[in-house]
Structures are given as structure tokens and as C-alpha cells.
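Comments concern the structure below.
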Amino acid sequence: MPLKKRARIRRALPALPAAIAGNGRPSLDPWELVWGQPYIDCDTLAAAIEDDLIGSPDADYRSRLLIHDAAHAIRSYWGSTRFDKWIGKSPVGYRIQSILHEHFPEEGFPNIRRKLVASVKSEVVERIFELLGQGVPERVEVHIAGSIPTLIKGLTFRPTQDIDFVNEVPAEIRRQREVLQRIDESYGLSMGHVQSHYLPANWQSRRHYFGDFGGLRVYMVDEYDIFVSKLSSKQPKHRQDLEVMAPNLEKDKIKQRLFDDGKIFLATPFLSEQIKENWRFIFREPLSAEAPQPPVEKKAPEAPKKRKRKRKT
């Protein structure tokens with residue numbers, strides 16, 4: 001069976017409950033990361049290879065070919081020093097080395113290397129806000145939109161150069177020029193902003209607390225609000241984000257959010273047309289005119305009443 005056809009079949013199977021890896025997180029599947037993704041986070045791919053070999057020690061030919069090509073790509077991206085350190089600590093490092101030494105007559109996955117990126121992790125964002133929070137003496141609440149909320153949740157991997165604050169970057173942060181310069185040089189990230197009218201109504205009621213850092217209290221915009229906000233975008237990078245996020249979100253919940261708090265977007269003709277076009281592209285179906293009905297809770301059937309026996313007179 002050709003490699004591409006096999007990958008398509010894996011993606012078409014009904015969703016099953018995710019297996020749990022040894023560290024308590026859901027097990028990762030390297031096929032899902034590699035097939036049809038514009039970007040692949042290198043750390044996540046390495047973890048997926050480990051999970052795959054732990055779950056299936058006797059990997060079949062095509063799985064070994066995938067692991068072989070993916071491991072070569074990771075070594076090229078990380079460099080030999082970091083790669084060797086990973087192999088040395090990995091519980092399946094010996095197995096990865098064995099597969100690397102196998103000879104495969106075909107080239108299976110030549111595009112993995114160019115897709116590899118180092119996505120922004122939650123720990124990096126925390127360090128950045130710790131630096132900024134030191135220069136904020138009194139409590140300032142900020143809300144982060146854009147790519148950061150979905151990156152730290154592993155819903156997207158596309159690299160970003162901005163941390164986008166809703167409406168504006170507070171003056172308490174803007175005046176920290178030396179700190180901002182250090183963040184740009186160390187992490188390649190600068191502070192930007194996105195206007196709140198691009199988000200669905202009531203977005204603040206669904207915000208997620210991220211942490212307190214000095215005087216900064218940081219919230220992340222909900223991923224469903226970010227998805228709905230990108231549905232009206234014409235930018236190819238946003239369509240890519242939608243395509244990557246969609247399998248990990250609930251379609252009915254997206255639709256409900258769109259018809260409830262995103263109805264102003266649907267009422268704007270030029271935005272509505274773009275939303276319908278993006279919806280058809282992402283979900284391979286037209287956007288129906290009616291909002292999904294909220295699920296109705298079924299009442300437990302009442303126990304049958306016992307019939308009283310009539311006394312014989």
C-alpha cells in the first residue's frame with residue numbers, strides 16, 4: 001500500500017479515546033503530525049516517535065520508515081549534540097538508533113525537515129511575562145489573543161513573532177524598552193495588539209487565567225473565540241491555522257459560538273461570504289443557515305409505580 005494512502009486511511013478512521021503515555025499526557029501519533037500539516041513542532045515529533053515505539057515495539061515496515069526519516073530530520077534540525085543527548089535519555093533510544101541504521105530502498109518522507117519548527121512553549125511565555133512583570137508595580141490585567149493561546153495549547157505550530165495584546169500594549173509594558181529589546185533578541189518575540197472588535201461578543205467571560213507575574217495578571221483568549229475570529233480572514237496563514245485547529249475542536253461548539261456571539265460577523269456581507277468560504281474549505285460542507293440546537297438533557301425514566309393489591313373482603 002502506498003505511504004500516502006496509508007496515512008489517509010489512518011486520518012479517516014473514527015476518533016478513538018487517546019491512549020495515555022507514561023507521563024500521564026495523551027499519547028501522540030507521528031502519522032497525525034506528519035501527514036497534511038504545514039508545520040511540525042520538533043519537540044512534539046520527538047515525543048510522538050517515543051510514544052509510537054513504546055506502544056508498538058515491533059513497528060511495521062512503513063512505521064519504521066517514518067521513524068527513520070523523522071529521526072534524520074530531527075537530527076538535522078537540532079544538531080548532533082542535542083540529538084545524541086535525546087537518544088541517550090530516551091527510553092526507546094536504542095530502538096531509534098537501530099531503525100536509523102536500517103537501509104530502506106525508498107525515500108518515504110522527504111518534506112519533514114522543511115516543516116520542522118520550534119514552537120513557542122508555555123514556559124517561554126511565562127519567562128517573558130516574568131521579565132515584564134518585574135517592571136509593573138501595581139496590578140494590570142492583560143488579555144492575549146493572536147497565535148500565542150493556541151501555540152501554548154498545542155493547537156497550532158505556525159511560528160509567530162508577536163505576542164498580541166487585546167486592544168493595546170499597556171503603557172507599563174511599552175516603557176520598558178530595554179526589557180523589550182532583550183525579549184526580542186532572546187526569544188524573537190515583540191509586543192503587538194489586536195482590536196477586540198475582531199473577537200466574538202462576550203469573549204472576556206470565557207477568558208482563561210494564565211498567571212500572575214509581578215504586577216501583571218495575564219489571561220488567554222479562549223481558543224474557540226480565536227477560531228471564530230479567524231473564520232472571516234482572507235489571509236492564507238489564518239486558513240492554515242483553521243485547518244490545523246479544526247480536528248482538535250468541536251464543530252458544533254464552533255458553530256454555536258459563531259451563531260451566538262459571532263452573529264455580527266455573519267450580518268456583515270463581505271465577512272459572511274468569507275466565513276462561508278473558509279467553512280466550506282475547512283469542514284468540506286456548506287455552513288447551514290441555522291445554529292445547532294443545544295443538546296437536550298434526557299430525563300431518567302421514572303420507576304414504575306407499584307400497584308397496591310386489593311384486600312379480599
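Of the beta bridges in the stretch 91-236, as assigned by DSSP with both residues counted there, near 40 percent are antiparallel. Computed extension length for GLU102-SER76: 7.6 nm, one decimal, from 0.36 nm per residue of separation with the Cα-Cα distance subtracted.
Extending 7 Å from the Cα toward the beta-carbon at both GLN235 and LYS85 defines two label points whose distance is 3.4 nm.
Once a ≥ b ≥ c are taken as the square roots of the eigenvalues of the Cα gyration tensor of the stretch 16-117, is the result rounded (a/c under 1.5), prolate (a/b larger than b/c) or oblate (a/b not larger than b/c)?
Details: a/c = 1.22, a/b = 1.16, b/c = 1.06.
Because its axes are fairly even, with a/c under 1.5, the stretch 16-117 counts as rounded.
Amide hydrogen proximity for PHE210: with H placed 1.01 Å from N in the peptide plane, the residues at 5 or more positions away or on another chain lying under 5 Å are VAL218, TYR219, MET220. Taking one quarter of the surface of the C-alpha convex hull of the stretch 112-188 gives a mean projected area of 5.6 nm².
Along the stretch 77-89 the Karplus relation, 6.51 cos²θ - 1.76 cosθ + 1.60 evaluated at θ = phi - 60°, assigns HN-Hα couplings of 6, 7, x, 5, 4, 5, 4, 4, 5, 4, 4, x, 8 Hz to successive residues, with x for each Gly and Pro.
Note on GLU32 and GLU168: the model spin-label points, each 7 Å out from Cα along the C-beta direction, lie 4.2 nm apart.
Between GLU138 and ILE264, what FRET efficiency follows from the Cβ-Cβ distance if R0 is 30 Å, with the result rounded to 0.05? Once rounded, the FRET efficiency stands at 0.30. Placing pseudo-labels 7 Å out from each Cα toward the beta carbon at GLU130 and PHE283 gives an inter-label distance of 4.2 nm.
Based on the Cβ-Cβ distance of TYR94 and GLU123, what FRET efficiency does E = 1/(1 + (r/R0)^6) give at R0 = 41 Å, to the nearest 0.05?
On the way: r = 29 Å, r/R0 = 0.71.
My answer for the efficiency is 0.90.
Built from the Cα atoms of the stretch 227-283, the convex hull projects on average onto 3.3 nm², one quarter of its surface area.
No lab work stands behind these numbers, since they all come straight from the coordinates. The structure presented is a predicted model; accordingly, all values stated were derived computationally and were not measured. A quick note on method: Cβ atoms are made from the backbone with ideal geometry, for glycine too, and the neighbour counts reach across all protein chains shown.
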